[in-house]
Amino acid sequence: MGSPREYTEHMYEVYFEVGEHENMALRTFEEYLGPDRLGFITPMDHGYLLKVPLQAVPDLVISLSEKNIAVYQVVRFARSKEVWR
């Protein structure tokens, strides 16, 4: 658990430090999470704290890079109580 090979419903708090412009990164996260999970996004000073399963992290980084949004760092924190369903 907690490794890059984890494909479970467990969710983690993951910080994405991004170069935000006109809320493009926020919209990318909102599109990925969908309307029922918007509460899993917390704006921070230089990015966003999301609650997502680990397998979502590469997908989100790819989505951001496809929109030319700079990703400066991604940091996984503690496992969340929520599950991805």
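The values are calculated or read from the model by the stated rules, or taken from the named source; none is laboratory data. Since we're looking at a predicted model, the values are computed, not measured. Please note: Cβ atoms are built from the backbone with ideal geometry, for glycine as well, and neighbour counts cover all protein chains shown. Accessible surface areas use protein heavy atoms only, side chains included; no ligands, DNA or RNA. Shrake-Rupley method; radii C 1.70, N 1.55, O 1.52, S 1.80 Å.
Keeping all protein chains in place, calculate the accessible area per residue for the chain (probe 1.4 angstrom), answer in Å². Write down the numbers at each step before the final one.
On the way: 5440 Å² over 85 residues.
Heavy-atom accessible area per residue stands at 64 Å².
Specify the residue with the greatest mean-square fluctuation among MET24, MET11, MET44, computed from a Gaussian network of the chain linking alpha-carbon atoms under 10 Å apart.
Of the options given, MET44 has the highest mean-square fluctuation.
Based on the alpha carbons, how large is the Rg to Rh ratio for the stretch 4-83 when Rh follows Kirkwood? Walk me through the numbers on the way to the answer.
Working: Rg = 11.7 Å, Rh = 12.6 Å.
Rg/Rh: 0.93.
Please build a GNM for the chain, connecting alpha carbons under 10 Å apart, and tell me which residue among GLU13, GLU66, GLU30 fluctuates the most.
GLU66
Can you list the residues of the stretch 38-52 with backbone N under 16 Å from a point 7 Å past the Cα of ARG76, pointing along Cα to Cβ?
Residues 50-52 qualify, since their backbone N sits under 16 Å from the label point.
In the stretch 42-85, which residues have a backbone nitrogen under 13 Å from the label point lying 7 Å from MET24's Cα in the Cα-to-Cβ direction?
63-71
Where in the stretch 40-77 does the amide nitrogen come within less than 19 Å of the point 7 Å from the Cα of VAL83, taken along Cα to Cβ?
In the stretch 40-77, the label zone of VAL83 (backbone N under 19 Å from the point 7 Å along Cα→Cβ) covers 40, 51-56.
Would you calculate, for the chain, the mean residue ellipticity at 222 nm contributed by helices, counting each DSSP H stretch of 4 or more residues as -39,500 (n - 2.57) and dividing by all residues, to the nearest 500? Each step should come with its number before you reach the end.
On the way: 2 runs with 21 residues, N = 85.
Here the helix-only value at 222 nm equals -7500 deg cm²/dmol.
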